[in-house]
Amino acid sequence: MNGSNPLSSDTAEALMAAAEEARGRAYAPYSGFSVGAAILFGDGRVVTGCNVENASYSLSICAERNAMSTAVAMGLTRPVAIAVAGPDGVFCPPCGACRQFLAEFSGGMPVIIKGEGGITSIALNELLPSGFSLKGE
Ligand code: THU
């Protein structure tokens, strides 16, 4: 379950709903751009995160890395899928740094994003071709 298998649309919708809920907890007073992320694991658990900004701007953390770091601290290192929710109507795929960060734990998991026509799913390795690896693969 750790590859790029598509999720059922119900599961994808539920994961997006969890990301949207987490988005409500974003701390984004500087950009005003709130983001939420929800990561599904094989045992059904969902771990969420939001962006957390700082007056020293570069210290800000994205929602996706916040969620994945929380999951690792809980002992969950094999994500099945992630949903990312930005402001309404904004297509919000993970930034480049988050793509690399997430690829550490799953090369090809589905990334669920809300597009114009509703929910879409893109495999992480499509979003991050030729990501960095110490093995040079
Ligand atoms: N942000 C995320 O949380 N995830 C991304 O993938 C891209 C950007 C946040 C960082 C910053 O707090 C705000 O969005 C504006 O860049």
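Taking the Cα atoms of the range 1-68, the ratio Rg/Rh between the radius of gyration and the Kirkwood radius comes to 1.06. Which whole-angstrom value gives the distance between the alpha carbon centres of the range 3-57 and the range 81-126? Their Cα centres are 10 Å away from one another. By the Kirkwood approach, averaging reciprocal distances over each pair of separate Cα atoms, the range 31-108 gets a hydrodynamic radius of 12.8 Å. Note on GLU137 and SER9: the model spin-label points, each 7 Å out from Cα along the C-beta direction, lie 3.5 nm apart.
Calculated mean residue ellipticity at 222 nm for the chain: -8000 deg cm²/dmol, from DSSP H runs with n ≥ 4 weighted as -39500 (n - 2.57), summed, divided by the residue count and rounded to 500. For a quick check, take a GNM of the chain with Cα springs below 10 Å and name the residue from PRO29, PRO93, PRO79 with the largest mean-square fluctuation. Judging by the Gaussian network model, the answer is PRO29. Please state, as a whole number in µm²/s, the translational diffusion coefficient that the Stokes-Einstein equation yields for the chain at 4 °C and 1.567 mPa s, with Rh defined as the Kirkwood radius across alpha carbon pairs. This corresponds to a translational diffusion coefficient of 88 µm²/s. With 0.36 nm allotted per residue and the present C-alpha distance subtracted, the ARG25-MET74 stretch has 15.7 nm of extension available. Output the antiparallel fraction of DSSP beta bridges having both residues in the chain, as a percent to the nearest 5. Rounded to the nearest five, the antiparallel share is 80 percent.
The dipole here belongs to the chain: it is taken about the Cα centre, uses +1 on the Cβ of Lys and Arg and -1 on the Cβ of Asp and Glu, and is about 300 debye.
Read the figures in this text as sums done on the coordinates, not as results from a lab. Because the structure is a prediction, the values reported are computed rather than measured. When we count neighbours, we look across all protein chains shown, and the Cβ atoms used for this are built from the backbone with ideal geometry, even at glycine.
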